[in-house]
Each structure stands twice: as C-alpha cells, then as structure tokens.
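Please read the structure below before turning to the comments.
Quick note: the coordinates plus some simple rules give every number you see, no bench work behind them. No experiment lies behind these values; they were computed from the predicted model shown. Here the Cβ is made from the backbone with ideal geometry for all residues, glycine too, and neighbour counts use every protein chain on show.
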Amino acid sequence: MKTEEKRKHQRFDSLNLSYVCLDEDQRAIKQGMGRTLNLSESGILLETHFPIEERHAIVLSIGLGDDLVDVRGRRVHVNALEQGLYEIGIEFVDPEETVIRSIRQILQALSQER
C-alpha cells in the first residue's frame, strides 16, 4: 500500500556542509561538518557526529557552486543512529529571499540530474 506524501516540499539528496550551533545568547558553542541526507525549500535532514539541542539555533553554510550561502534553522527532531551518528531534522527559520532562490537553484539542478 502506497503512503500519502504529507510534506509540503519534495526532498532531494544533497551535499556536505558546515554548521554552527548557537546558544541562547547567540554565541557559537559547537561547530562541525555534516552530511546532508536530504534538502527541501523548508528544511534539511543532516547527519552529524553529535546531537543538536532543541534550544540551540543552527547556522548552516551550504556550498552552491562557487557561492557559500548561510541559512539559520532550528532543530525539529533528532534520531540517534549506530556508530555515534545522529540524523537532525532542521527547519529553516526566516530565510532571506536570496537564500530561498539559491536553494531552489540547487534543487532544480539536483532534479535535472535524476
């Protein structure tokens, strides 16, 4: 039986990126590289080596061609995997229109590769 897709935006496999976790005072407390498991206009599923706390803001730096785009997000769920890895669901928070356009461009390019 086929399940009905409830997501607002289609998901695509994507890239590696860097991220920074910010505390309540907007100070960087953790940073690292993550592997993007999928990407949409509204968020990203990121594989990391440590969990991200719900109270922490996240700034993601996504490489789009020769450009680097920063987008803020918040953790919406976390799933502990084997081997000390975590899947972190991140919802973009108030992305600028230039960021949305850049994400749409990469999604379009990924869509054409399929």
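May I ask you to evaluate 6.51 cos²θ - 1.76 cosθ + 1.60, the Karplus curve with θ = phi - 60°, for each residue of the stretch 47-59 and list the ³J(HN,Hα) values in order in whole Hz, giving x for glycine and proline?
So the Karplus estimates, Gly and Pro as x, are 9, 10, 9, 8, x, 10, 5, 4, 6, 8, 7, 10, 10 Hz.
How far apart, in nm, are the 7 Å Cα→Cβ label points at residue 33 and residue 80?
About 2.6 nm separates the two model spin labels.
Return the long-range amide H neighbours of residue 52 (sequence gap of 5 or more, or a different chain), with a cut-off of under 5 Å between placed amide H atoms.
Placed amide hydrogens put nothing under 5 Å from residue 52.
Show me 20-27, 47-54, 36-43 ranked by packing, highest mean number of other Cβ atoms within 10 Å first.
On the way: 20-27: 12.0, 47-54: 15.1, 36-43: 17.5.
Packing proxy ranking, top to bottom: 36-43, 47-54, 20-27.
Could you give each residue of the stretch 83-99 its phi-based ³J(HN,Hα) in whole Hz, using Karplus coefficients 6.51, -1.76, 1.60 with θ = phi - 60°, and x for Gly or Pro?
Result, ordered by residue: 6, x, 10, 9, 9, 10, x, 10, 9, 5, 10, 6, x, 5, 4, 5, 5 Hz.
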